[in-house]
Amino acid sequence: MLKITNLSATVGEAAEAKGILNGLTLDVPAGEVHAIMGPNGAGKSTLSYVLTGRNGYDVTGGSATLNGEDILAMDPETRAAKGMFLSFQYPVEIPGVPVMTFVRTAINAQRKARGEDEMSAPDFIKRSREVGKTLNLNAEMLKRPVNVGFSGGEKKRLEIYQMMMLEPKFLILDETDSGLDIDALKTVADGVNAMRDPSRGMLVITHYQRLLDYIKPDKVHVLAKGRIIKTGGPDLALRLEKEGYDGVLGEAA
Amino acid sequence: MTTALRDFIRNPTAAELELVARYGMQPEDARRERAFLAFAETGLPHRRMEAWKWSDFRASLKSLDRPKQAAIPDPLPHDGALVFRFTPSGFAYPKTLPSGISMLAKREVQAFSSAEDLPLGALTAALAGSDSKPATLLFEISGRDLPRLHFVFEGAGEASFSRVVFLLRPNAELVVTESHLGGVGMASALSEFTLEAGAKLTRTIYQRSGPEDAIGIASTLTLDAGAAVTQTTLAFGAKVSRLETRVVHRQPGAHLTLNAAYLAGKGFHADITSHVRHGAPECVTRQLTKGAVLDGGTGVFQGKFLVPRITGQHTDADMQHQVLLLEDGAQVFAKPELEIYADDVQCAHGNTSGALDDAQLFYLRQRGIPERQARGMLTEAFIAEALETADETVRDVMLAEAQDWLAS
Ligand SMILES: Nc1ncnc2c1ncn2[C@@H]1O[C@H](COP(=O)(O)OP(=O)(O)O)[C@@H](O)[C@H]1O
Ligand SMILES: [Mg+2]
């Protein structure tokens, strides 16, 4: 599914470019959920932006493929059409663009890029209603401009709404748990778990172990200084919680 | 041509000589002469005049030539409207008008009191009129629930001058829409509105042409007690274009909303200029101008609120200009001015310019929306706020036009 080999990347403009990823290797097979944990500033969000093609994040070495296709050469919208989805750590406000308009435009743009038929308006509205219901997002909220005036928790639920509407192949959740109370966390986790599928892969980036009680990972990786320095089962997350990064990293170093 | 006529303008350009010649062919009329002399004072407005430093008609308009590109088809709906059509030599109008609207097509020039402030308006007052076209088209409006009046200004020819004067009687209500569609080397329209107490005007202006046209749209608005005007403009500019609106709040409690959106592509110049005088207490002005400019395009915004010491008390006025520079090489000149002498007022203004937000653009693209479309969506969302006040019969069409421009 997603195969990252020896990936290096810098952030920033040419002269001030800073190496953030330093030979990161990671393999997430279809059907699996992998968690990435790591201290602040380790490069977790950088990895998610590099994989989705954000400007200013430049690959300096290595490769990343989705089902064998080199994604690093594609522009962001092409990667999205191929199935890459990022739930942003900090979702962006888009004043003047209602959620429904935005998501419907995105769905149809992706379908067009894949050579598929557009989703009809009634189908879209029906699906939107279903998904909104499971996430406790009411119709009124979905008519408001994207993320404008939404609380932190509502923004994260709206990310999951978009994910469920777009039905991507590969999901990256960047600290989707931050800013969520326990009820919202459960709602979001239910949404994510509903997306689990033998043909789908997920990368769940988190700073805390808490989310992994609800979204059970197949593997846990520790990212530090731009590399995966340790990989284990779900118990690794528990150890990190107990011993802290210093304890676990000290042993790895 | 006599030397006397030639001497009207110092060092005239070919275009100015043409204008003098056109004046020479008009019947004698003392008011026409006064208007033309006011124009001849400066000739075509040029960059050495403070108010025209960013919109140099003299330099842009070397001679009066018919542009290669014909007038664009009118996107605004004609259904349900009374349609009036001005061309360089013609004027067409509905055979019958409902009661509440009376129209008088006059061969004589009506005095134009703002001639010194509006040189293109003065020129228009002096040159409007021909065999089939009135020098002054007068409307007296006394009813409500009237059909929309739609005015079309279009080619084809070297020059076109059109003048319309409206008098709205107390508590009258009128909806006016205008399409300025080009196809003329120089198209200049002058509209004067006087609103008596409690009258209400909703005016929506659409301006678009090819890249060789010069376009002037000059307007005056005078508001009596409790009168209300909502004017909304969508302008795409031209080789050189100026939409200039002068407003006087003449009696207490008048309300003005003055909104505009301009979209200037490569080779297009769009100037939105306004002057609002709070000549009576307790009047309100809300002005929002939004722009989006591409590489090689030029936008100009000049806004002024004048609030005199005694008559301007309790003025409530706000002026905002916000522009998106969509590409490197986009040019915008802005001069928002508040000139306030009264002490008990609420006046504010803001002026910002910037590029599209990278984070927003990436967010849309990550969801699969191609870059061009994403830029169009963000720009339309930005512009739309200024068009919300457009008359509902034309608002959606205007938004669609803006979106088409952005996507092309
Ligand atoms: N746009 C940027 N410009 C400069 N430095 C950046 C930028 N984005 C991230 N960084 C730096 O890269 C490092 C990794 O950041 P990030 O990937 O956000 O870490 P994490 O998500 O693991 O907390 C940090 O030192 C951060 O300051
Ligand atoms: Mg982060």
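No lab work stands behind these numbers, since they all come straight from the coordinates. It should be emphasised that the depicted structure is a prediction, and the values quoted were computed from it without experimental measurement. Quick reminder, even Gly has a Cβ in these numbers, built from the backbone with ideal geometry, and neighbours come from all protein chains shown.
Some points to look at:
- Whether a residue is away from ligand 1 (no atom under 16 Å from the Cβ), more than 15 Å from B:Gln366 (Cβ to Cβ), within 14 Å of chain B (Cβ to nearest Cβ) and not aromatic (Phe, Trp, Tyr) was assessed, and A:Arg127 does not pass this test.
Let's see how each residue does on (1) closer than 30 Å to B:Ala334 by Cβ; (2) part of a helix (DSSP H, G or I):
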{"position": "B:Ala38", "(1), (2)": "yes, yes"}
{"position": "B:Arg47", "(1), (2)": "yes, no"}
{"position": "B:Ser55", "(1), (2)": "yes, no"}
{"position": "B:Gln69", "(1), (2)": "yes, no"}
{"position": "B:Leu82", "(1), (2)": "no, no"}
{"position": "B:Arg85", "(1), (2)": "no, no"}
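- Subset of the range A:193-208 that is within 16 Å of ligand 1 (Cβ to nearest atom) and part of a loop (DSSP other than H, G, I, E, B) - its residue that is surrounded by the fewest Cβ atoms within 10 Å (Cβ to Cβ): A:Tyr208
- Some residue of the range A:65-77 being over 24 Å from A:Asp197 (Cα atoms), more than 14 Å from chain B (Cβ to nearest Cβ) and of a type in the set (A, V, I, L, M, F, W, C): yes
- Per-region count, the range A:121-155, residues touching a Pro at 6+ places or on another chain (Cβ under 7 Å) and surrounded by 13 or more Cβ atoms within 10 Å (Cβ to Cβ): 5
- Every residue from the range B:74-107 that is in contact (Cβ under 8 Å) with a residue 60 or more places away in the chain and exposed (fewer than 13 other Cβ atoms within 10 Å of the Cβ): B:Gly80, B:Ser89
- The range A:47-63 - residue that is over 20 Å from B:Asp357 (Cβ atoms) and buried (at least 21 other Cβ atoms within 10 Å of the Cβ) and, of those, nearest to ligand 1 (Cβ to nearest atom): A:Leu47
- Within the range A:85-107, the set of residues being more than 9 Å from chain B (Cβ to nearest Cβ) and more than 17 Å from A:Gly132 (Cβ to Cβ) comprises just one member, A:Gln89.
- Residue in the range A:2-13 that is facing chain B (nearest Cβ under 10 Å) and within 16 Å of ligand 1 (Cβ to nearest atom) present: no
- Residue match in the range A:227-242 (condition: within 16 Å of ligand 2 (Cβ to nearest atom), farther than 12 Å from A:Ile36 by Cα and in contact (Cβ under 8 Å) with a residue 24 or more places away in the chain): no
- Some residue of the range A:50-62 being within 16 Å of ligand 2 (Cβ to nearest atom) and in contact (Cβ under 8 Å) with a residue 60 or more places away in the chain: yes
- Residue check for A:Ile4: of a type in the set (A, V, I, L, M, F, W, C) and within 16 Å of ligand 2 (Cβ to nearest atom): no
- Filter result for A:Asp181 (within 14 Å of chain B (Cβ to nearest Cβ) and either within 16 Å of ligand 2 (Cβ to nearest atom) or without any contact (Cβ under 8 Å) to a residue 40 or more places away in the chain (or both)): no
- When the range A:164-174 is filtered for residues that are surrounded by 23 or more Cβ atoms within 10 Å (Cβ to Cβ) and not in a strand (DSSP E or B), only A:Pro168 remains.
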